[in-house]
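The values are calculated or read from the model by the stated rules, or taken from the named source; none is laboratory data. From a predicted model like this one, the values you see are computed outputs, not experimental measurements. All Cβ positions, even for glycine, are placed from backbone atoms using ideal geometry, and neighbour counts span all protein chains on display.
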Amino acid sequence: MEVAVIKYNAGNVQSVLYAMERLGANATLTDDWETIQKADKVIFPGQGEASTAMKYLKERKLDKLIKSLEQPFFGICLGLQLLCEFSEEYDTQCLGIFPIQVKKFPPLDKVPHIGWNNLQNLHSPLLAGLDESAYVYYVHSYYAAVDPEFTIATSHYITDFSALLQRDNYYAMQAHPEKSSLTGEKILTNFLNL
Amino acid sequence: MLTKRIIPCLDIKEGRTVKGVNFVELRDAGDPVELGKVYADEGADELVFLDITATVEKRKTLVELVTKVAKTVNIPFTVGGGISTVEDIKALLNAGADKISINSAAVKNPGIVDEMAREFGSQCIVVAIDTKNMDGVDFVHTHGGRRPTLLQTQKWAKEVTERGAGEILLTSMDHDGVKNGFANEITSEISALLGIPVIASGGAGKMHHFKDVFTSGKADAALAASIFHFKEIPIPELKKYLQAEGISIRL
């Protein structure tokens, strides 16, 4: 199985590649259209800031490529936020796969939301074998609101937010599966098996 | 629900794990990559690698270590110890470190916190603060706690937060290595003062010390070294105890 990990100006991409290696998948970090189009699975990782990332994607026309893909696609962390409609982070127009707004956590508790939090209301083949005792590792200041149509799991911090999203072949996760121990490995394995 | 984090700290010298009592006596406690993996499998929530190597080879050996850890370990980890340039930070993050902790470098040049936050985002910047109480006032210390500064701990914590730190790692030099419990008073004061998470460090000796630092100390995470390295408190047992005591914990 060939996995393409989209190369752009996002941080901590190496960890995703190592996680793939641990799971025995052949992953390539690439921004080449053909390699990405031909891959069996595509991962869109990310850590960083939304407006800079969107600018970079547009300059290289990766935004158009991402929207045209048909194989299972997995956005992680900033990758989830960029797949939404709009982010409050520097008022950024994003890719719009999910018609959802990304908002900043109100300062009612510590921000960023850092640490392990559990998944709730899980319903997707991506989460097969997991229940509400599954903890995943979060580091984020912005969150995607809950949408009954596309949210496949929620977490709670200050408010309920979308922990994972799905629309057709597009999957996305706010936490870091590559850093979420056995739970994260289970989710990545489920993705590879889709 | 967000859980409290248990973080083993591995002191590294020339690629090996060491831990000193009050930062002076050093004892060998194994290979850092293997030890890190054991902790991750036992349920540690994060790891901290603190490099105390002081040679010119430091950067190269540290990047090599980070690469090995990132390949092996499936939980987040922070790297710290004498890191002072944006270039070093970039090399370590690219090698797979999740967060970088800076201490003396921030005291020497506070602007580096702003620079790091702009370049890499606050989420990967931990500012480590070593504090010691002197005649009733808390002062920041550097160089492994040996050198006092004129910075008042509370003010410094507030300043680095405003400059873009994502977390504070607060080590009480009065408590470190003595195993009489964490410095709950100053930890709680700093935690209440800041809008970012505080990791308490220094003084863990018994399981109830962790409970105390999460309740009266208001810490978001607790870090310890020798009690884990020498199996005085196994992590699974500690986490079960904390859960039974009503602390929100990942099991």
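For the range B:170-193, a residue qualifies if it is at pLDDT 95 or above and of a type in the set (A, V, I, L, M), and the qualifying residues are B:170, B:183, B:186, B:190, B:192, B:193. The number of residues in the range B:98-126 that are touching a residue at least 24 places away in the same chain (Cβ under 8 Å), among the aliphatic types (A, V, I, L, M) and more than 14 Å from every other protein chain (Cβ to nearest Cβ) comes to 5. Against the list (1) β-branched (Val, Ile, Thr); (2) surrounded by fewer than 22 Cβ atoms within 10 Å (Cβ to Cβ); (3) touching a helix residue (DSSP H, G or I) at 6+ places or on another chain (Cβ under 8 Å), the condition residue B:227 fails is (3). Restricting to the range B:128-153, give me the number of residues that are among the acidic types (Asp, Glu) and within 19 Å of residue B:203 (Cα to Cα). The qualifying residues number 2.
Quickly run through the range B:172-209 and pick out the residues that are touching a strand residue (DSSP E or B) at 6+ places or on another chain (Cβ under 7 Å), more than 15 Å from residue B:139 (Cα to Cα), away from chain A (no Cβ under 14 Å) and surrounded by fewer than 22 Cβ atoms within 10 Å (Cβ to Cβ). Matches in the range B:172-209: B:177 only. For the range B:209-251, the tally of residues that are assigned to a helix (DSSP H, G or I) and free of Cβ contacts under 8 Å to residues at least 24 places away in the same chain stands at 3. Within the range B:141-165, residues that are surrounded by fewer than 22 Cβ atoms within 10 Å (Cβ to Cβ) sit with their Cβ atoms under 8 Å from residues that are of a type in the set (Gly, Ala, Ser), at 6+ positions apart or across chains, in these pairs: B:142/B:104; B:143/B:104; B:161/B:195; B:163/B:111; B:163/B:117; B:164/B:117; B:164/B:122. Given the range B:1-108, what strands (runs of 3 or more DSSP E) lie entirely inside it while holding 1 or more residues that are modelled with pLDDT of 95 or more? Counting at least 1 such residues, we get B:5-13, B:47-51, B:77-80, B:99-102.
Residues checked against (1) aliphatic (A, V, I, L, M); (2) over 23 Å from residue A:176 (Cβ atoms); (3) over 17 Å from the mean Cα position of the chain (by Cα):
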| position | (1), (2), (3) |
| --- | --- |
| B:102 | yes, no, no |
| B:116 | yes, no, yes |
| B:126 | yes, no, no |
| B:137 | yes, yes, yes |
| B:141 | no, yes, no |
| B:147 | no, yes, yes |
| B:170 | yes, yes, no |
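For the range B:86-120, which residues satisfy the criterion of being surrounded by fewer than 16 Cβ atoms within 10 Å (Cβ to Cβ) and at positive phi? Residues satisfying the conditions do not exist here.
Of the strands (runs of 3 or more DSSP E) that lie entirely inside the range A:117-185, those containing 3 or more residues that are more than 14 Å from chain B (Cβ to nearest Cβ) span A:151-157, A:159-167, A:170-173.
Note on the range A:46-72: residues that are under 25 Å from residue B:93 (Cα atoms) and touching a strand residue (DSSP E or B) at 6+ places or on another chain (Cβ under 8 Å) total 6.
Checking B:90, B:58 one by one, the residue that is out of contact with any Ser or Thr (no Cβ under 8 Å at 6 or more places or on another chain) and away from chain A (no Cβ under 14 Å) is B:58 and no other. Checked against (1) within 30 Å of residue A:34 (Cα to Cα); (2) more than 14 Å from every other protein chain (Cβ to nearest Cβ); (3) in contact with a helix residue (DSSP H, G or I) (Cβ under 8 Å, 6 or more places away or on another chain), residue A:76 passes all but condition (2).
Screening residue B:148 on (1) touching a Gly at 6+ places or on another chain (Cβ under 9 Å); (2) more than 14 Å from chain A (Cβ to nearest Cβ) shows it passes everything except condition (1).
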